[in-house]
Amino acid sequence: MSTAFWAYSIWGVVLLAIIGVYMVAIFRRSKSNRKPVTRTPKGATPSQNATLVASSFNGLNGDQGQAGLIPRDPHEYAKAMAPKE
């Protein structure tokens, strides 16, 4: 085997090693830059207050209006909307 073959072989190995180190550096950098995924629970917490809702209706017999509190707590809302016996 000639000297040129060994020279090209050594340069090929060095080039592959440089590319490998570069790829590892890119992988580590991209892995460290990731932001953690934060998930917020859906719905309302039981300690939240109610919302004041007002409505009005302009009918033939005059204006009619109503106001009421709608609870933000899902359990309280379900209790309020359940039919009473």
- Query: Which one of GLU76, GLU85 is modelled with pLDDT under 75, among the acidic types (Asp, Glu) and open to solvent by 70 Å² or more (accessible area, probe 1.4 Å)?
  - Reply: GLU85
- List pairs: first in region 5-22 and aliphatic (A, V, I, L, M), second loosely packed, with under 10 Cβ neighbours inside 10 Å and modelled with pLDDT under 90, Cβ under 6 Å, 6+ apart or cross-chain? none
- Based on what the data block shows, is ALA50 touching a strand residue (DSSP E or B) at 6+ places or on another chain (Cβ under 7 Å), modelled with pLDDT of 75 or more and open to solvent by less than 100 Å² (accessible area, probe 1.4 Å)? yes
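The values are calculated or read from the model by the stated rules, or taken from the named source; none is laboratory data. Fair warning: this is a prediction, and the values are worked out from it, not measured in the lab. Virtual Cβ from ideal backbone geometry, glycine too; neighbours counted across all protein chains shown. Just the protein is used for accessible areas: all its heavy atoms, side chains included, with ligands, DNA and RNA removed. Shrake-Rupley method; radii C 1.70, N 1.55, O 1.52, S 1.80 Å.
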